[in-house]
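Chemist: Quick one: the structure is below, and I'll ask about it shortly.
The values are calculated or read from the model by the stated rules, or taken from the named source; none is laboratory data. If you're wondering where the values come from, they're calculated on a predicted model, not measured in any experiment. Cβ sites come from the backbone with ideal geometry, for glycine too, and all protein chains shown count toward neighbours.
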Amino acid sequence: MTSSPLTEKPYAQDRPTSTPASVVVNGRYLPPPEDKDGKIWVRSSALIVGDPQSLYAMWRDVQSAPLWQEHVIEVAVSGPTTSRWSMKTSNDSDAKVISWDSEVLADEPGVRIAWRSIGGDSDNAGEVIFEAAPSGQGTIVTVLQEFRMGKLANAWETLVGRNPKQAVIENLRHFKALAEAGEIPRSQLDTHGDRGVIGNFKRSTYGETVPTPTGGN
Amino acid sequence: MKAVCWMGKSNMETRTVPDPELINPHDAIIKVTRTAICGSDLHLYDGFIPTMESGDIMGHEFMGLVEEVGPEVTNLKRGDRVVVPFTIACGSCIFCKKKYWAACDNTNPNAHLMEKAYGYSGAGLFGYSHMMGGYAGGQAQYVRVPFANVGPLKIESDLGDEKVLFLSDIFPTGYMAAENAQIQPGDTVAVWGCGPVGQFAIASAFMLGAARVIAIDRFQERLDLARSLGAITVDYSEEDVSVLTALKDLTGGVGPDSCIDAVGLEAHSNELQGIYDVVKTALFMETDRPSVLRQAIQAVRKGGTLSIPGVYGGLLDKVPFGAAFGKGITMKMGQTNMHNYMKPLLERVEKGQIDPSYIISHRITLDQAPEMYKIWRDKEERVTKIVIDPWA
């Protein structure tokens, strides 16, 4: 297991681990950190057909993140390890756009990427690790993301009905679908008859008002 | 175009809706030439499957002509004649590679809803609730088919639509039920429910070597069809008939080697447990009425196999798990891994080994569909299978 200090992550708590996103440390299962002090954590993992190196490369290509990350409309590379992220909080024409800068803290090709925000409208940090699956078939991709419940999280929760934890889980699901199948499944635009008042309301409870990223299509 | 829309419990309407359009690169638009009402559609009609919404287009058994394909569909072209499987599979994930197509990881856009209820999500399905993907179904003049490079089976021969339509669900589903029953040559197999899936399970059980098939139902038209396949029939609605006693009598007291529950969550029973389940589901204290499941667990012989193609949705009461454990039975179940069976079963149809159209009792138009849902649900007019011509 790769070794790295926890202090890479600005809000990380002391945990007996070497790689924060990892779920096994010294043979023991490590549960995800608990939410605390206005800080929320989410960890999600997916078994993805593909080798660690190519999945790493797809994730590291931050400019392509809008293809598979919900609400992210643009990522502009601003330096060797920095980028500027913009997110539109809903599909409405008057929706607010929030932006922040992000910095890559650790970058081990085919193994892991760690990042944090360095100013702007969002306080967040995260790590993704790529491990060959024990079966030898595919790669287990594990994401650990933390947020301050600041503007970003609030905007998400209040405006789009997808809390940030679920967004991380959905984004990993989109990433997997795009990597494996070459597209992200979409049904929101399917034809249908009259939804009526209740039907339209319930769409948000199904998460269907959050536009599924296009996967570039 | 015209489409059959779910507009609430016990309320279908044929409406004019926008035509489907290509959305993703592996999509195809199919002009539907024949579609059917599935017994499992009645669970939607009766409001047993959550997350149906007004305006949802019904239907997961359909075939037709390719109208248009997305840029990454390389195996189909406009004009091809195809049967489309009801489960949507990506062909690329771990589960598709293991041939568990119904467990595909990548085709349910609303997988998070399934995860909450079931732990994990299976494949997306056509026209079968938002939990199962929110895809528009095929009881319509046109339908969008995602991952058209993986699912649709091309029909190259001039076999009529009615002979191949049921490769979209019920024939493979009945066949997989028989396969899941782990039939050995000479076995006795009991099949609960002689609707379309039960019919194909009976036919398939014989194909797989069963020496005797016992078919259980209460409708003469279905029992007649079962006997036409060579099954021995038990009408559980007849006075003095106990299914468990009948199955013992017909197996020398041993019980059937395999039992197939082709009924599922809306089982009827003339025993006390039938009233119990009706009351509990009405009070939302139970989601399913598992009286066939209970009976099949009781009936199967020691070390036997229980195969469950009938749909279950939620939480079941009073399932005799002690009996299942005590006899050491095997249970196999689940949505059909369609893609494994369509081609081999098409070959059987082409060779004339079976003509699946024998179960059709009604041929209707889209406009007649809402009423036929009611007629079939209420078991009137001796319905065995309803096929729709969307252009009639």
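Chemist: Among the helices (runs of 4 or more DSSP H) contained in the stretch B:217-299, which hold 3 or more residues that are in contact (Cβ under 8 Å) with a residue 24 or more places away in the chain and within 23 Å of B:G174 (Cβ to Cβ)?
Modeler: Ranges flagged: B:220-228, B:243-249, B:291-299.
Chemist: Return the only residue of A:A57, A:A46, A:A76, A:A12 being at pLDDT 95 or above, within 15 Å of A:Q145 (Cβ to Cβ) and out of contact with any Asp or Glu (no Cβ under 6 Å at 6 or more places or on another chain).
Modeler: A:A46
Chemist: A further question follows. Can you pull out the residues in the stretch B:18-49 that are crowded, with 22+ Cβ neighbours inside 10 Å and within 10 Å of chain A (Cβ to nearest Cβ)?
Modeler: B:P20, B:N24, B:H26, B:D27
Chemist: Could you go through the stretch A:121-138 and let me know if any residue there is more than 14 Å from every other protein chain (Cβ to nearest Cβ), part of a strand (DSSP E or B), more than 16 Å from the chain's Cα centre (by Cα) and without any contact (Cβ under 8 Å) to a residue 40 or more places away in the chain.
Modeler: No, because not a single residue in the stretch A:121-138 is more than 14 Å from every other protein chain (Cβ to nearest Cβ), part of a strand (DSSP E or B), more than 16 Å from the chain's Cα centre (by Cα) and without any contact (Cβ under 8 Å) to a residue 40 or more places away in the chain.
Chemist: I need the full set of residues from the stretch B:312-348 which are assigned to a loop (DSSP other than H, G, I, E, B), touching a residue at least 40 places away in the same chain (Cβ under 8 Å) and touching an Asp or Glu at 6+ places or on another chain (Cβ under 9 Å), in order please.
Modeler: Hits for the stretch B:312-348 are B:Y312, B:G313, B:G314, B:D317, B:K318, B:T336, B:Y341.
Chemist: Related question: In the stretch B:111-133, what count of residues is obtained for those that are within 7 Å of chain A (Cβ to nearest Cβ), farther than 24 Å from B:N340 by Cβ and touching a residue at least 40 places away in the same chain (Cβ under 8 Å)?
Modeler: 2
Chemist: Are any residues in the stretch B:50-67 crowded, with 20+ Cβ neighbours inside 10 Å and within 14 Å of chain A (Cβ to nearest Cβ), and if so, which ones?
Modeler: If the condition is that a residue be crowded, with 20+ Cβ neighbours inside 10 Å and within 14 Å of chain A (Cβ to nearest Cβ), then B:M52, B:E53, B:S54, B:G55, B:D56, B:I57, B:M58, B:G59, B:H60 are the ones that fit.
Chemist: What are the pairs, 6+ residues apart or on separate chains, where a residue within the stretch B:10-21 that is touching a residue at least 40 places away in the same chain (Cβ under 8 Å) has its Cβ under 6 Å from a residue that is part of a loop (DSSP other than H, G, I, E, B) and among the acidic types (D, E)?
Modeler: none
Chemist: Condition first: closer than 19 Å to B:C93 by Cα, touching a helix residue (DSSP H, G or I) at 6+ places or on another chain (Cβ under 7 Å) and facing chain B (nearest Cβ under 7 Å). Now tell me which residues in the stretch A:184-217 satisfy that.
Modeler: A:P185
Chemist: May I ask you to say which residue of B:E347, B:E266 is over 22 Å from B:V213 (Cβ atoms), among the acidic types (D, E) and at pLDDT 90 or above?
Modeler: Going through B:E347, B:E266 in turn, just one is over 22 Å from B:V213 (Cβ atoms), among the acidic types (D, E) and at pLDDT 90 or above: B:E347.
Chemist: Considering only strands (runs of 3 or more DSSP E) fully contained in the stretch B:1-41, which possess at least 1 residues that are of a type in the set (D, E, K, R) and closer than 18 Å to B:M63 by Cβ?
Modeler: B:2-6, B:28-37
Chemist: Another question about this same structure. Among the residues of the stretch A:52-81, which ones are away from chain B (no Cβ under 14 Å) and assigned to a loop (DSSP other than H, G, I, E, B)?
Modeler: A:D61, A:Q69, A:H71, A:S78, A:G79, A:P80, A:T81 - these are the residues of the stretch A:52-81 that are away from chain B (no Cβ under 14 Å) and assigned to a loop (DSSP other than H, G, I, E, B).
Chemist: Could you identify the single residue in B:T51, B:T35 that is under 29 Å from B:E156 (Cβ atoms) and not aliphatic (A, V, I, L, M)?
Modeler: Checking each option against the conditions leaves just B:T35.
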